[in-house]
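Just below is one structure, and these are the notes that go with it.
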Amino acid sequence: MTFGNATWSALAQGDGTNWWDIDPITVAWTLAVALTVNLSCAILGCFLVVRRMSLLGDAISHAVLPGLVIAFLLAGRIASGPMFVGATLAGLFTAWASRALASTGRVRDDASLGIVFTTMFALGVVLIHAYADNVDLDPGCVLYGSIELTSLERISLPWPGGGTWSVPRALFAPLLALCATLILVSRAWNELVWTSFDPGHAAAAGLNVERIHQAFLVVTAATTVASFEAVGSILVVAMLIVPAACARLLTSRLEMMIILACFVGAFSAVGGFVLAAALDTNMAGMTAGVAGGFFALAVVGSPSQGVVARVWRRVRLTARIADEDVLAWLYRADERGRIARVSELPDRATAGGSALRNALGRLIRQGQVRRGEGDALHLTQGGREAGEAQVRAHRLWESYLDRHFDLPLDHLHDPAEEAEHYLGPDLQRQILAELGSGSIDADPHGATIPLEPGLQPDRRSTVPQKFQSSAGESEPSSVELPDESNLPKATSSP
Amino acid sequence: MMNASNSLDWLTSYNTWVVLGGVAVLGANAGMVGTFAVLRGRSLMGDALAHAALPGVCLGFWVAGGRAVGPMLLGALLTGCLGLLVLAFLKRWTRLPDDAGLGVVLSVFFGVGVVMSRLIQNNAAGGAKAGLESYILGKTAGILMSDLLVIAVVALISALLVGLMFKEFLMVAFDEGFARAVGLPTTTLDLAMTSLTALTVIVGLPAVGVVMMAALLIIPAASARLWSDRLEIVLLVAASLGAVASASGALTSAALNLPAGPTVVLSGAGLFLLSLLLAPRRGLLTTRWRAWCQTQALNITDPRFNRAMTRAFFERHPQMLNDLEDLNSLRLERLLSPEEFAALAERVRLDLVREETREARS
């Protein structure tokens, strides 16, 4: 298994050093192995991410080393079966031991995982060196994997139509793992979802949470072991976590997340192959790099969660608030019978002076504000209605605060100045009903509340989530991932 | 150079003492710095950092055109800190849980590092290859006087910083919200702690390797936490355990001709196991023993005491009635903390005495 120093150019036929000179069958088999590994890892990774067990893959893949060596020493040769079983058992032992350690209450989960897997890895390395004469396991191969060479070692299978079919030996374990993953996910979908998001509820409803957890662990350990001959112990983590994390940023539905993760995994495998062969470098590392590239794209450009979208939403919100502040200021001046002037534009804390000046320019362009002689400003009909709605929201909120909270009068303006931007017509109507419509016509400071029956059409499309009513938005037919920040810690320790 | 061959020459050689000193100082420093990481639930950050350093090591190797310690350490520091920045960025800007962020950073950076190291190996002359491999598994026997100096300087910096900012670090480590509320600059303190971890990991990487560096940060600190509830004692114990584990591991490796990184981790794991069982404050056997001593001190064979104790227990914990049938105080001592048990026993004893005097009067 000492494959550590092989390169792509060595695989190319003749003396050509370009990857496209590589035999197409070799390319096909290498891609098949890579795709199988990536798909099963991507599916399981989604559950690892939502169960907050992401680092378990890392721990297991390091900790399988002593299992491999002991199985090798017992079997006396490199035998796939016993070594697979030994490694999987070592992986399960890691998960079990770190959990047992954390459950003594003496060590935190993350520390117990760290202690167990580093110790297991150290044990493995020591075993390899202690029996160096008998073991030709290469730590380098364990760390980096050797997917480039999987197609070299083939096994002949009888072909149904007669003849034989030579299949890479390294394809079998990942294929088995993929089958196990698919079976687990399709047979126990509901149970997995339930125990991932609300283990307490699942247990109360009579599910055997522990058994499902164990089954999931077994499949995860087996997949990690099956993958790591091809991709190495540390890069398995990339195949497990990165596509899932990427998909998590793109969607909130678990089904969609799994599908997207599979796509990301598959594209990473293909991209990793092409780039690695072109640059003559390690394919597993390149696959991790490509997956990381996809992840970076998702972080920046995800439509709902991406940095660009978030910044854009924030900019839009700031602009809207500035617009509304200017309109309300003009309306109030109008109310007092004064003529507002550009030079008097207030310097407000909620939106800086320049933001207000920009807003004024925008409103003039939109035709909500008209310039008079000198630097006088007048509201147009549309602008007046908008400003009126704003002032109405402000004064309604002041009245509401005054009614329900024991606040001094001079503490009402500032909260209302913030809340007015989030009170749409619906909420205004509700507050009005709550205050008793007709009985209220002035705010606590004595200013008239402009109560017009025809409330403005809603232009508050960018209201932050926390102020929005959630009715009519959820689709209960599908699995909705809750926001991570208030999710109860599901299965914290592996 | 630390080969055991068949004599004990290596015990008296200069190199051995440099290596031992370097490893011991590194272990002490890692134990101290790791204490804060472990207390704050960030044990695996060191792991991510160590992995994220690999591309930097390759970068330094490539820029310097060979195995030069300075550029490789600088590169490692650069990408290690970049990895930490990415982690902080993901935490601030995305809804990914922390562990997923760690996994992403760790594996992607390491993957890029593997790619770069292979590219370098393709181009480098044969002799230059060995330098990179040793960053993964470590090459303890290769510690030179200059390495020892770097390690010692970093250890000195962390000891000074921890000594000067002890009160602030303590507050941030145990209650970050409170620390912020009383006006401490938590972000700066956080940055200081993280930089200490980064420095320690980076200078330790060439000596013990990626995985073992993570272990050195976690194991002594987690062991020391079992010894005391006072931070200054935990820090001292962690530093001593780290030094002892490293030195004994290095000695074992020299004597048995094994790689030093793994033996260091294994001796650390042995110390952890000892602590877990026997640590004076929270060891599993020690707490059992203390509870047993208490039951011996009380006259636990008195059936009346047992009955009264059980009654008092259920008065306090009615929910336990469901799953306990034949409860006697021998089992009670396992259900309750020693303090709680002692308090309960004291109350029951007083009740019994009172009852006896009442009986005697009537």
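The values are calculated or read from the model by the stated rules, or taken from the named source; none is laboratory data. It should be emphasised that the depicted structure is a prediction, and the values quoted were computed from it without experimental measurement. Here Cβ is always computed from backbone atoms with ideal geometry, including for glycine, and neighbour counts include all displayed protein chains. For the accessible areas, the whole protein counts, side chains as well, though only heavy atoms, and no ligand, DNA or RNA atoms are used. Shrake-Rupley method; radii C 1.70, N 1.55, O 1.52, S 1.80 Å.
Miscellaneous remarks
- Of the trypsin sites (Lys or Arg not before Pro) found in the range A:17-106, those in coil by DSSP whose Cβ has at most 12 other Cβ atoms within 10 Å are A:Arg77.
- Relative contact order, percent, chain B [alpha-carbon distance under 8 Å, six or more residues apart]: 23 percent
- For A:Arg154, residues with placed amide H under 5 Å, excluding near neighbours: A:Arg169
- Comparing each chain alone with all protein chains together (probe 1.4 Å, DNA, RNA and ligands left out), the residues of the range A:237-265 losing at least 20 Å² of accessible area are A:Val237, A:Ile241, A:Val242, A:Ala245, A:Arg248, A:Leu249.
- Shape descriptor for the range B:54-191: Rg over Rh equals 1.06 (Cα atoms; Rh from the Kirkwood inverse mean 1/r).
- Estimated vicinal HN-Hα couplings, Hz - the range A:44-60 in sequence order (Karplus 6.51, -1.76, 1.60; Gly, Pro = x): 5, x, 4, 5, 4, 5, 6, 8, 6, 10, 3, 7, 5, x, 4, 4, 4
- Estimated dipole of the range A:176-326 in Debye, rounded to 20 [Cβ of Lys and Arg +1, of Asp and Glu -1, Cα centre]: 220 debye
- Shown here: chain B, whose C-alpha atoms stretch 100, 59, 39 Å along the first, second and third principal axes, sorted largest to smallest.
- All Cα-Cα separations within the range A:279-326 were binned at 5 Å from zero, giving a P(r) of 5, 19, 14, 13, 11, 10, 9, 6, 5, 4, 2, 2, 0, each value a whole percent of the pairs.
- Atom-type composition of the exposed protein surface of the range B:197-306 places 69 percent of the accessible area on carbon and sulfur (1.4 angstrom probe).
- Taking the Cα centre of chain B as origin and assigning +1 to Lys and Arg Cβ atoms and -1 to Asp and Glu Cβ atoms, the resulting dipole is close to 200 debye.
- Accessible area buried by the pairing of A and B, both sides summed with a 1.4 Å probe, works out to roughly 5100 Å².
- Amide hydrogen neighbours beyond the local backbone of A:Ala340, cut-off 5 Å, H modeled: A:Leu377
- Mean Kyte hydropathy of -1.0 or more with a Cα span along the axis of at least 30 Å, helices from DSSP in chain B: B:14-39, B:69-93, B:98-123, B:186-208, B:231-256, B:338-361
- Angstrom value of the Kirkwood radius, inverse mean 1/r, which spans all Cα pairs in the range B:216-277: 11.5 Å
- Built amide H within the under 5 Å cut-off of A:Ser166, gap 5+: A:Leu157
- Global form of the range B:182-293, assessed from the alpha-carbon gyration tensor, a/c cut-off 1.5: oblate
- Ranking by accessible area, most exposed first, for A:Cys246, A:Cys179 with a 1.4 Å probe: A:Cys179, A:Cys246
- Diagonalising the gyration tensor over the Cα atoms of the range B:190-253 and scaling each eigenvalue by 5 before taking the square root yields semi-axes of 20, 18, 8 Å, largest first.
- 1.4 Å probe accessible area per residue over the range A:230-389, in Å²: 40 Å²
- Peptide B:280-291 shows a mean partner chain C-beta count of 1 within 10 Å per residue C-beta.
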